[in-house]
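Novice: Quick one: the structure is below, and I'll ask about it shortly.
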């Protein structure tokens, strides 16, 4: 799998999947990033908007694993 480093402004609008997390309940969560702050992203999922802390998660898209700044 490719490792892609993206800058902060590139996350908004991307379809992402949470591939790893300290919170096992959100692993596999998928959706479109609709907002981003320094420490948090908001993902629009089938079950509504979810606020996800960036420091405990690993994200991926169709290109591979995303490394957030």
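Values in this text are rule-based calculations from the coordinates and carry no lab data. What you see is a predicted model; the values in this text were computed from it and never measured. Neighbour counts run over all protein chains shown; Cβ positions are idealised from the backbone, glycine included.
Novice: May I ask you to sort 50, 38 by Cβ crowding, counting other Cβ atoms within 10 Å and putting the fewest first?
Specialist: By the 10 Å Cβ count, ascending: 38, 50.
Novice: Another question, then. For a test of the definition: using alpha carbon positions, the gyration tensor, and the 1.5 limit on a/c, classify the chain as rounded, prolate or oblate.
Specialist: Rounded, because the longest to shortest axis ratio a/c is under 1.5.
Novice: Also, quick follow-up: With runs of 4+ DSSP H residues as the only contributors, calculate the mean residue ellipticity of the chain at 222 nm using -39,500 (n - 2.57) per run, divided by the residue total and rounded to the nearest 500.
Specialist: Counting only the DSSP helices, I get -1000 deg cm²/dmol.
Novice: Here's a follow-up. Between residue 10 and residue 22, what is the label-point separation in nm under the 7 Å Cα-to-beta-carbon projection?
Specialist: Using points 7 Å along Cα→Cβ, the separation is 2.6 nm.
Novice: With an 8 Å Cα cut-off and a minimum separation of 6 or more residues, compute the relative contact order for the chain in percent.
Specialist: 39
Novice: Can you give me the distance in nm between label points at residue 62 and residue 30, each placed 7 Å from the Cα along the Cα-to-Cβ direction?
Specialist: Simple spin-label model gives 1.2 nm for this pair.
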